[in-house]
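Working notes, structure below.
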Amino acid sequence: MKQNIVIRADGSNEIGLGHIYRSFYLAKELKKEKVNVIFLSKNVFLKKIIQKKFQIEIFNDNSKKLEEKLEQLNPKLIIIDKLKEDTNQLKILSKYSRLVGIDYIGKNNSKIDYGINILYQKSGIHKNKSFSGFNFSILNNSIRLYKPIKIKKEVNQVLIIQGGSDTPCNTPKILSALNKIDTNLKVNVIVGGGFQCWNKLNESIKGSKHSVKIHSNVKNIGKIMLQNDIAITGGGITSLELCNLGIPSIIMCGGKHENETSSLLEKHGAVINLGYKRNFRIKDIKETVKKLLDNYEQRKKMNKIAKKLIDQRGSKRVVDIILRINK
């Protein structure tokens, strides 16, 4: 009989979609191991992303409703792929199963039994039963299909990708910065289902001297990523995917917490980190991009470091941990 593992994850334009996508990739790997995965979320948005082959249970903040759901599901294990969880709901979850927190940085983590810290290796859960490192990176299957890029002397294509929602609306500003660079470029812009800055983006496209192509709700993201010589990305899961493909990247953090990951990647020499700002200056973005365009040796070095730092076996390592816990 298949055993139930519940994944507790949320996503929206306000909090981003990275945790939902990552949970989906993990669920697909667990399914290969004959594990029955059920998603538990407060957001109906989840249904737009997760394929119908997975059961999705939606609940609100009602504690009684949550307990009723858990009684029905009878989970052997609950995986929380969220930055934080409500303390009362965390207590309820812990009553029904052991808990595994993936990149959980909430201070109320005493009820969580195991921690897997990928993005937040410093501020995540640190107990005897915790696992930390970029070697646990859970990648999209479409990323794992491909080999890393080879660095060319001249940059022809630039990728702008600021997560599934781009909550701070950085994408139009990045394109405006690229418009101030004289080199003719082909610019690929990837936006997700939660993107809401279309008016500003369209204005930036109208004023662009470059060839701009918009990719929305992409199914094979790896194929598009590989077309590019450099990328300007956020500080979440996508930055790890770009590292795996060896694409030299500039990171603009969409939230303060992302700076932890981006700073660590920069310390390794894999990325350039612009940090977190409420209002990035177009001039700063332009100058950073221009320096990277002109520095072939730096791009080669970043490529070499990044693809070694994030390998393609992270998903299997996480699945192996979960299966051991689930025995």
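Meeting the requirement of 1 or more residues that are among the small types (Gly, Ala, Ser) and out of contact with any helix residue (DSSP H, G or I) (no Cβ under 8 Å at 6 or more places or on another chain), the helices (runs of 4 or more DSSP H) wholly within region 1-106 are 18-32, 87-96. For region 10-27, a residue qualifies if it is at pLDDT below 85 and closer than 17 Å to residue 233 by Cβ, and the qualifying residues are 16, 17, 18. Scan region 296-327 residue by residue and report those that are more than 22 Å from the chain's Cα centre (by Cα), without any contact (Cβ under 8 Å) to a residue 40 or more places away in the chain and surrounded by 14 or more Cβ atoms within 10 Å (Cβ to Cβ). Residue satisfying the conditions is 301 alone. Being touching a strand residue (DSSP E or B) at 6+ places or on another chain (Cβ under 6 Å) and surrounded by 15 or more Cβ atoms within 10 Å (Cβ to Cβ) is not true of residue 96.
All of 228, 279, 217 fail the test of being under 16 Å from residue 162 (Cβ atoms), in contact with a strand residue (DSSP E or B) (Cβ under 6 Å, 6 or more places away or on another chain) and of a type outside the set (Phe, Trp, Tyr), apart from 228. Evaluate the following for residue 133: is it in contact with a strand residue (DSSP E or B) (Cβ under 6 Å, 6 or more places away or on another chain), at positive phi and not aromatic (Phe, Trp, Tyr)? Against the criterion (in contact with a strand residue (DSSP E or B) (Cβ under 6 Å, 6 or more places away or on another chain), at positive phi and not aromatic (Phe, Trp, Tyr)), residue 133 does not qualify.
Give region 157-183 a look and list any residue that's out of contact with any Ser or Thr (no Cβ under 8 Å at 6 or more places or on another chain), crowded, with 23+ Cβ neighbours inside 10 Å and modelled with pLDDT under 90, or say none. Correct list: 164, 166. Here 135, 109, 188 are screened, and the one residue that is outside any loop (DSSP other than H, G, I, E, B) and in contact with a Gly (Cβ under 7 Å, 6 or more places away or on another chain) is 135.
Restricting attention to region 164-223, the residues that are touching a Phe, Trp or Tyr at 6+ places or on another chain (Cβ under 9 Å) and touching a residue at least 40 places away in the same chain (Cβ under 8 Å) add up to 13.
Candidates are the residues of region 114-132 that are assigned to a loop (DSSP other than H, G, I, E, B) and either crowded, with 19+ Cβ neighbours inside 10 Å or not assigned by TED's automatic domain parsing to the domain that holds residue 40 (or both); the one that is nearest to the chain's Cα centre (by Cα) is 119. Flag: residue 180 does not match the condition of being touching a Lys or Arg at 6+ places or on another chain (Cβ under 9 Å), within 20 Å of residue 255 (Cα to Cα) and of a type in the set (Lys, Arg).
The values are calculated or read from the model by the stated rules, or taken from the named source; none is laboratory data. Small disclaimer: the values here were computed from a predicted structure and weren't measured. Because the Cβ atoms are built from the backbone with ideal geometry, glycine has one as well, and the counts that use them run over all protein chains shown.
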